[in-house]
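Reviewing the structure listed below.
Quick note: the coordinates plus some simple rules give every number you see, no bench work behind them. Quantities reported herein were computed from a predicted structural model and do not represent experimental measurements. Cβ placement follows ideal geometry from the backbone for every residue including glycine, while neighbour counts extend to all protein chains displayed.
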Amino acid sequence: MNQPSAEQIREWADRISRSDREAFNALFRSLYYPLTYFAYRYTQCHDQACDIVQDVFVSVWQDRNDIDPQQSLKSYLYKMVRNRALNHLRDHSDRMMELEKVHLTDSGRSLITGHDEDTVSNEGTDSVEELAGNFRIWINELSDRRREAFELSRFEGLDHQEIADVMNLTVKTVNNHIVDALSHLRKRYNNHSNSKDGNGL
Amino acid sequence: MNDQSNNQNNKHPIDRELLKKYSSEEQKEILRVWEKSGTDLEESRQKHRQRIKPVDEALSEVQNRLGFPAPDLDLPVDSGKNSPSGFGPKWYLAAAVILIVLGTGYLLTPRMYFVSYGEMAEIELNDGSTIEMNSGTQIRHNRLFGRTNRTLHLDGEAYFTIRSGDEPFIINANGSTVEVTGTRLNIRSWSSDPGSETSVTVTEGEVYFYPEKSPDRRVVLSPGKMSSWNNNMIEPADPVSVSADRVLGWRSNLLHFDEKPLAVILNELERRFDVRIELEAQEMRYETLTTYYTEPRNLETVLNDISLVKGLRYAETANGYRIYR
């Protein structure tokens, strides 16, 4: 599905603030998968991701009187999900350690997919899978904040203002993070392509 | 119902403004990287969909929790209906008491804002004032801010755009106080810098600046003026004219130091670039330096310049740099 337009979300936000349940249902349906996917990348647990997103929607309804249609409800939802996911990680620190361990040791895995079957082939065909695996590794090499900003832009389709709202940063910092992330990926990708050409000869 | 689950859009566009910064040759490369980095996005979203609770089920659970009427039954919502049975009025009373107790505790815990090293942030307060915060800056205020008071505490550097309001806006920073109504100003006050000096620069409106303990020793600052105070001074220095562009350069990632000790400069670099910098030549701590960069520089360029001017050398360490003779 295409994510709903900003216009559409604003209309829903306005109707939800006036206790319109249909608008609430529509908002839930359109953002449930993107948000649980986003939450899952932190929690690495589908049930937990689902719980977090449900809780966030419950509180949106309960606080519907405070909804400000001028503010992006989408960034607000991402922000709430992110906060709760981070709290969850903090409160389950063994899980956090596990995550960190994964980060440090298993370069083939990333928060992007997080499924163990995804293995990276070392053989030299430039298959789609290999490239995907490589990008996963390279994205994982980014610092946490940079990776978060990049992933919110690339995978969640948030604009820089929305990312700034979600991560409590200025747009300028978001820009910097994404420029840095891109130049890192570009360097890696170019090296990779070049070494490939070399081997091919 | 599942029409929404197909065809998840993989075409999240890159930010246009960002792309403009590159040459047309570079743009092609950047766009290729952008596209390739999402290679398995679609597949991994599909995998996620198969494993997560289906949207209809998740939604109906949420509706239950909120007491929405079941579909096809247009019952009025009775808020009491969904509360667990067995809790009578006494339960509510107890809950109220607990709430009051917790509430008081809540009001006493200050609200904190902290910007990580290597980042900058902008916050909006509930009175409509906004604050741009430099890397490593901390601001706190109590929960009644905007209602019974407009007082906050600053450790770091920030640019304030203050809405006029009934309550005066008061900033306490390392022993000094700045009092304003509606105005724009920059305050730099790091407890970690030697002397914890506070400098206030006004770009719009008028402010009062005084030591926290002697409000009568105040100076009045108008636009374009700067004054400083530290613990060893009886009253803030006489206001001097400064270039606001330079003082506010940090907001554009620039560096500007006017006769600042090396210790202060290195602290700033640590925060800005999120690295450790060890000054092994300790005797140089209070050596001053004036430097201003008109465009953002990388850390090595800055360290190189500093070393050159001060006859020092620098080398990379595991988590940053060391500077030595």
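Worth a mention:
- The stretch B:253-325, relative contact order in percent, only Cα pairs under 8 angstrom and at least six apart counted: 39 percent
- Averaged over A:15-26, number of beta-carbon atoms from partner chains that fall within 10 Å: 1
- Beyond 21 Å in Cα-Cα separation lie the following of the pairs A:187/B:21; B:260/B:310; A:172/B:20; A:74/A:187; A:74/B:28; B:213/B:260: A:74/A:187; A:74/B:28; B:213/B:260.
- FRET efficiency for residue A:6 and residue B:142, using Cβ-Cβ distance with R0 set to 45 Å, rounded to 0.05: 0.80
- Inter-label distance, nm, simple model (7 Å from Cα along the C-beta direction), residue B:111/residue A:194: 5.1 nm
- Per-residue extension of 0.36 nm, minus the Cα-Cα distance of residue B:204 and residue B:245, leaves a gain of 13.4 nm for this segment.
- Kirkwood hydrodynamic radius (C-alpha pairs) into Stokes-Einstein, the stretch B:253-325, 37 °C and 0.692 mPa s, D in µm²/s: 269 µm²/s
- Between the stretch A:1-36 and the stretch B:196-247, the C-alpha centres lie 49 angstrom from each other.
- Label zone (residue B:212, point 7 Å along Cα-to-C-beta; backbone nitrogen cut-off 14 Å) within the stretch B:115-156: B:139-142, B:151-156.
- Ascending count of other beta-carbon atoms within 10 Å, so fewest first, for B:310, B:53, B:28: B:28, B:310, B:53
- Phi angles across the stretch B:173-182 convert, under the Karplus curve 6.51 cos²θ - 1.76 cosθ + 1.60 with θ = phi - 60°, into 3J(HN,Hα) values of 9, 6, x, 10, 10, 10, 10, 9, 10, x Hz, Gly and Pro given as x.
- Values of log10 I(q)/I(0), in the order q = 0.10 Å⁻¹, for the stretch B:109-242 under a Debye, Cα-only, solvent-free model: -0.28
- In this structure, the amide hydrogen of residue B:177, modeled 1.01 Å from its nitrogen in the peptide plane, lies closer than 5 angstrom to those of B:210, B:212, counting only residues at least 5 positions away or on a different chain.
- Shielding score for B:47-56, defined as the mean number of other chain Cβ atoms within 10 Å: 6
- Peptide A:162-175, shielding by other chains (average Cβ, 10 Å cutoff): 4
- Between the stretch A:133-195 and the stretch B:278-319, the alpha-carbon center distance in angstrom: 29 Å
- For the pair residue B:234 and residue B:191, a Förster radius of 25 Å applied to the C-beta separation gives a FRET efficiency near 0.75, rounded to the nearest 0.05.
- If R0 is taken as 30 Å, the Cβ-Cβ distance between residue B:36 and residue B:298 corresponds to a FRET efficiency of 0.65.
- Ranking of B:284, B:233 by count of other Cβ atoms within 10 Å, fewest first: B:233, B:284
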